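The values are calculated or read from the model by the stated rules, or taken from the named source; none is laboratory data. All figures in this text were calculated on a predicted structure; none of them were measured in a lab. Virtual Cβ from ideal backbone geometry, glycine too; neighbours counted across all protein chains shown. Only protein heavy atoms, including side chains, enter the accessible area calculation; ligands, DNA and RNA are left aside. Shrake-Rupley method; radii C 1.70, N 1.55, O 1.52, S 1.80 Å.
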Amino acid sequence: MLPLLIALQFLTSLPIRLPAMPEPEQQGRSLLYYPLVGLLLGALLCLAAFVLDGAPVILQAALLLTLWVALTGALHLDGLADSADAWLGGLGDRERTLQIMKDPRSGPVAVVVLVLLLLLKFSALLALVQAQQYSALLLAPVLGRAALPALFLCTPYVRPSGLGHALAANLPHGEARGVLALVAVGCLLFGSSGLIALSLAAVTFLLARRAMLRRLGGTTGDTAGALLELVEGTVLIGLALQL
C-alpha cells in the first residue's frame, strides 16, 4: 500500500500524506503503480467530461486540460521545459546539457515548447471531446506514466544523487515487465484506438530514449518528465487525427 501512496504523492497534487519516510526499496516499487495512477487520473478526467457534458465543446476542452495540469501539479511540464532549454543551450555537450537542466529558470525555448505542447493538447482534446472519444482520456495518462518504469527498466540514470536514482536502483525488473505487459493488454481491449495509442507511445518512447542516450548516455528526472509529456501529447494528437 505504501508504494502506491508514494506514487500518488509524487505524480499528483492530491493531498496524500505518507505514514513514514519511505525506504529506497519502497520508492523503487512505487514505479510499478505509475500506470495505476495514470488510470486514476484518466478516470477523474472522464468523470469531469461527464459533468461538463452540455457545456460548449471548446470550454470543455479548456477545462479538461486545466484540470489535467492541476491534478499533476505541472510536474512533468517542468521537466519538459528544463529539457527543452538544456537540449538547445547544451550545444550537443553532455556536461553543459546536464548543468542547464539544474537551472530552475526557464528560457524562451522552454516557454515556446510548453505553449506549443499545451496548444496541441488543447486542440486534440477539442476534437476528441467533440467526437465523444473519451477513451483517449484514459489511454494517454496511463501510457504516459507506463513510459517511466519502462524507461528506468532499460536506461541508465546519469545523476547518482538525482531524484530518480533510488527509483531506478530499486525497481523490481521482473514485476515491472509484468506491469508493462498488463498495460499493453489493457490498451488492446480498446480496439483500434488502443492499438494506435500503444504504437504511438512505443515509437515516441524509442525516439526519445535514443536522443537521451546520444546526448546524456542515459536519463534524468527532467528527461523522464519530458518523455511522459511527449507520450501523452503524441497519443492525444494521434487519436484525434484518426477520427
With +1 on each Lys and Arg Cβ and -1 on each Asp and Glu Cβ, how big is the dipole of the range 1-139 about its Cα centre, in debye rounded to the nearest 20?
100 debye
Under a 10 Å cutoff between Cα atoms, tell me which one of 166, 224, 201 has the largest fluctuation in the Gaussian network model of the chain.
166
List the residues, sorted by chain then number, that are 5 or more residues from residue 157 or on another chain and whose placed amide H is less than 5 Å from its amide H.
219
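Between residue 18 and residue 43, what is 0.36 nm times their sequence separation minus the Cα-Cα distance? Round to one decimal in nm.
Details: separation 25, 0.36 × 25 = 9.00 nm, distance 2.31 nm.
This chain segment gains 6.7 nm when fully extended.
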Between residue 243 and residue 206, how high is the FRET efficiency from 1/(1 + (r/R0)^6) when r is the Cβ-Cβ distance and R₀ = 25 Å? Nearest 0.05.
0.50
Have a look at 87, 18, 8 and report the one farthest towards the positive end of the charge dipole of the chain, computed about the Cα centre with Cβ charges (Lys/Arg +1, Asp/Glu -1).
87
Under a 1.4 Å probe, what is the accessible area of the range 75-212 per residue, stated in Å²?
48 Å²
Once the piece of chain linking residue 213 and residue 130 is laid out straight, how much longer is it, given 0.36 nm per residue of separation minus the C-alpha distance between them?
26.0 nm
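About its Cα centre, how strong a charge dipole does the range 94-243 have in debye, to the nearest 20, once Lys and Arg get +1 and Asp and Glu get -1 at the Cβ? Please report the intermediate quantities before stating the final value.
Details: 12 positive and 6 negative charges, 87 e Å.
Using only the charged Cβ atoms, the result is roughly 420 debye.
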Mean-position separation - Cα centroids, the range 1-68 and the range 118-195, in angstrom
13 Å
Roughly to the nearest percent, how much of the accessible area of the chain is carbon and sulfur, given a 1.4 Å probe?
68 percent
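Which length gain, in nm to one decimal place, applies between residue 59 and residue 2 when the Cα-Cα distance is subtracted from 0.36 nm times their residue separation? Intermediate results must be reported in sequence, preceding the final value.
Values: separation 57, 0.36 × 57 = 20.52 nm, distance 3.74 nm.
Net length gain for the segment: 16.8 nm.
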So how strong a dipole does the range 165-243 carry about its Cα centre when Lys and Arg Cβ are +1 and Asp and Glu Cβ are -1, to the nearest 20 debye?
300 debye
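Check every DSSP H run in the chain and write down those whose alpha carbon atoms cover 18 angstrom or more along the long axis and whose mean Kyte-Doolittle hydropathy is 0.0 or greater.
On the way: long enough: 34-52 (27 Å, 2.41); 57-72 (23 Å, 2.21); 75-89 (21 Å, 0.29); 108-130 (33 Å, 2.51); 136-154 (27 Å, 1.95); 173-188 (23 Å, 1.22); 192-215 (35 Å, 0.99); 221-241 (30 Å, 1.31).
Span-like helices, by this rule, are 34-52, 57-72, 75-89, 108-130, 136-154, 173-188, 192-215, 221-241.
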Under 5 Å from the placed amide H of residue 164, counting only residues 5+ away or on other chains, we find 221
Simple label model, 7 Å out from Cα along Cβ direction - residue 109 to residue 95, nm:
1.9 nm
